[in-house]
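Below is one structure; the comments refer to it alone.
The values are calculated or read from the model by the stated rules, or taken from the named source; none is laboratory data. All of these numbers come straight from a predicted model, not from anything done at the bench. We place every Cβ from the backbone using ideal geometry, glycine too, and count neighbours over all the protein chains shown. Keep in mind that these areas ignore ligands, DNA and RNA; they rest on the heavy atoms of the full protein, side chains included. Shrake-Rupley method; radii C 1.70, N 1.55, O 1.52, S 1.80 Å.
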Amino acid sequence: MSSSMLNSISVSVSDDDDVTGRMRVRVRHKRKKPGTRGRPDFCRRIVRKAIRWWTVLLFLPAIALLLVESSKVARKPQGEPKLEPVAVKESTGNLNRLDPITRVVRGVREPCLKMLGPEKLQKLEFPASAEPNVPVKRVVYKSDSGEHLAAGNATLLPQYAGGARFNLFTGNQTLYERGKSFKVNETAVVHCGFYSENGGFKISDDDKNYMQTCRAVVSTCAFGGGDDLYQPIGMTEASLEKVCYVAFWDEITLSAQEAEGNIIGDDRMIGKWRIMVVRDLPFADQRLNGKIPKMLSHRLFPEARYSIWVDSKSQFRRDPLGVLEALLWRTNSILAISEHGARSSLYDEGKAIVKKHKATPEEVEVQLNQYRQDGIPDEKRFDGKKALAEASVIVREHTPMTNLFMCLWFNEVVRFTSRDQLSFPYVLRRLKMPGLNMFPVCTRKDLVNSMGHKRKVKPLARTN
């Protein structure tokens with residue numbers, strides 16, 4: 001190739017080639033954000049320190065709490081009295097509970113016993129009699145002719161010296177007299193306990209004088225030492241001035257309670273209860289002795305217009321005037337008693353009594369056969385309510401009609417079994433009792449705290 005040709009060839013040199021080469025060699029690194037460098041190293045140092053000093057860190061909260069409590073103690077006034085531990089007697093179950101019992105009615109929760117407020121309770125007075133128009137105007141109680149035989153602790157009529165429960169306290173009610181007693185007349189002549197002065201159930205003259213001062217009374221009894229005495233609660237000062245609280249004991253209960261440290265004071269009181277020690281009880285069956293103050297309060301308190309009976313296994317916990325207003329006066333009733341919680345038929349109740357060994361099958365069968373013979377149906381309702389009652393609480397006005405009812409009821413438990421649930425519906429149907437308020441079970445639960453029986457009842461010791 002000639003030199004002229006070489007000289008005519010031009011070589012282009014571009015700056016781009018040089019830039020490209022440099023970019024291939026140069027590696028660009030992503031710039032790190034400021035502040036991130038060194039953070040992992042810092043965290044690792046913290047972890048190492050914590051592992052090294054973990055025992056110190058564990059006790060720091062406890063030390064801080066101790067310092068706080070020490071500062072509180074230092075700030076307390078020096079004159080503040082020192083509190084000493086007080087030994088509190090442990091209450092049993094429901095004792096001294098005052099919280100109301102409630103139930104749901106049509107989707108709304110309401111109290112089972114609707115009492116007046118405290119201000120209205122303080123102003124309550126006894127109203128005019130609420131007894132409806134009934135034929136019974138007067139009740140005459142039969143008494144003895146003076147003929148009797150002494151048999152141990154009970155005084156028996158000659159016809160019943162063979163071991164029946166009729167005695168000089170009850171009188172000898174024949175079946176004819178029994179049937180006649182249910183035929184209501186303006187004047188009723190009936191057996192009603194206290195048949196003879198020699199019949200037993202002796203009360204001191206001082207106690208009799210006290211009972212004659214009572215216009216309204218809450219009463220209970222514990223014969224045979226089976227139950228403790230529970231002080232009533234929930235009453236107003238006004239009711240304490242108008243209502244007597246009387247507990248009937250026998251000598252067995254007196255000894256049992258004295259052993260527990262419950263000593264009758266010089267005023268014959270224990271707390272709010274006037275204690276009356278009854279001597280010469282008429283029955284060997286202590287349950288039957290207990291029916292006397294339970295059913296015959298109109299005979300024990302001749303001047304009283306109202307009475308509330310509470311079984312000894314329960315603590316009365318409501319104002320008595322408020323109870324009278326809620327269960328009698330407001331409903332225009334003369335007798336209030338709880339419906340039975342489990343059964344409605346007296347014949348079903350008879351089966352339950354036998355099953356629970358509360359009475360022998362033979363004596364229950366005698367009673368039920370008599371009731372069938374007298375035309376008492378096996379019906380579970382009477383006038384729209386349960387035909388069976390639970391009689392641990394009885395609220396009543398002492399009128400001729402209620403007095404007659406209680407006399408006839410008492411005669412039934414003497415003649416047959418002492419299980420008064422069996423005889424209540426019988427007397428109710430035979431007498432066609434007006435003015436009756438059979439309140440629901442939850443109302444009874446609001447009236448009392450149920451404590452249960454504490455010990456086995458001791459029978460009376462008989463001497464020949």
Residues of the range 251-266 being within 17 Å of Ile203 (Cα to Cα) and under 25 Å from the mean Cα position of the chain (by Cα), which ones?
Thr253, Leu254
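Looking at the range 393-404, is at least one residue in contact (Cβ under 8 Å) with a residue 12 or more places away in the chain, within 17 Å of Thr170 (Cβ to Cβ) and either touching a Leu at 6+ places or on another chain (Cβ under 7 Å) or of a type outside the set (Val, Ile, Thr) (or both)?
Within the range 393-404 (the criterion being in contact (Cβ under 8 Å) with a residue 12 or more places away in the chain, within 17 Å of Thr170 (Cβ to Cβ) and either touching a Leu at 6+ places or on another chain (Cβ under 7 Å) or of a type outside the set (Val, Ile, Thr) (or both)), the answer is yes, since at least one residue qualifies.
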Being within 23 Å of Arg305 (Cβ to Cβ) and either of a type in the set (Lys, Arg) or in contact with a His (Cβ under 6 Å, 6 or more places away or on another chain) (or both) is the filter here, so list the residues in the range 205-262 that pass it.
Lys208, Arg215, Lys242
Out of Glu379, Glu390, Glu412, which single residue is open to solvent by 10 Å² or more (accessible area, probe 1.4 Å) and either touching a Gly at 6+ places or on another chain (Cβ under 8 Å) or under 19 Å from Asn289 (Cα atoms) (or both)?
Glu390
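Select from the range 312-329 the residues that are charged (D, E, K, R) and surrounded by 21 or more Cβ atoms within 10 Å (Cβ to Cβ) and write down the one among them that is farthest from Ser450 (Cα to Cα).
Taking the range 312-329 as the starting set, the residues that turn out to be charged (D, E, K, R) are 313, 317-319, 325.
So of that shortlist, the ones also surrounded by 21 or more Cβ atoms within 10 Å (Cβ to Cβ) come out as 317-319.
On the way: Arg317: 10, Arg318: 13, Asp319: 17 Å.
Restricting to residues being charged (D, E, K, R) and surrounded by 21 or more Cβ atoms within 10 Å (Cβ to Cβ), the top hit is Asp319.
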Which numbered condition Gly350 fails, given (1) within 19 Å of Gly290 (Cα to Cα); (2) open to solvent by less than 60 Å² (accessible area, probe 1.4 Å)
(1)
Flagged in the range 244-271 as open to solvent by 10 Å² or more (accessible area, probe 1.4 Å) and either β-branched (Val, Ile, Thr) or without any contact (Cβ under 8 Å) to a residue 12 or more places away in the chain (or both), in numbering order, are Ile252, Glu258, Ala259, Gly261, Ile263, Ile264, Gly265, Asp266, Asp267, Met269, Ile270
When you scan the range 336-349, how many residues do you find that are within 16 Å of Glu412 (Cβ to Cβ) and modelled with pLDDT of 95 or more?
1
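Is one or more of the residues making up the range 300-307 closer than 19 Å to Lys242 by Cα, surrounded by fewer than 21 Cβ atoms within 10 Å (Cβ to Cβ) and touching a His at 6+ places or on another chain (Cβ under 6 Å)?
Step one: of the range 300-307, the residues closer than 19 Å to Lys242 by Cα are 300-307.
Then drop every residue that is not surrounded by fewer than 21 Cβ atoms within 10 Å (Cβ to Cβ), which leaves 302-303, 305.
Next, only the ones that are touching a His at 6+ places or on another chain (Cβ under 6 Å) stay: 305.
The answer is yes, given that some residue of the range 300-307 is closer than 19 Å to Lys242 by Cα, surrounded by fewer than 21 Cβ atoms within 10 Å (Cβ to Cβ) and touching a His at 6+ places or on another chain (Cβ under 6 Å).
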Given the conditions (1) in a helix (DSSP H, G or I); (2) touching a Lys or Arg at 6+ places or on another chain (Cβ under 9 Å); (3) closer than 16 Å to Val441 by Cα, and given that Gly341 satisfies all but one, which numbered condition is not satisfied?
(1)
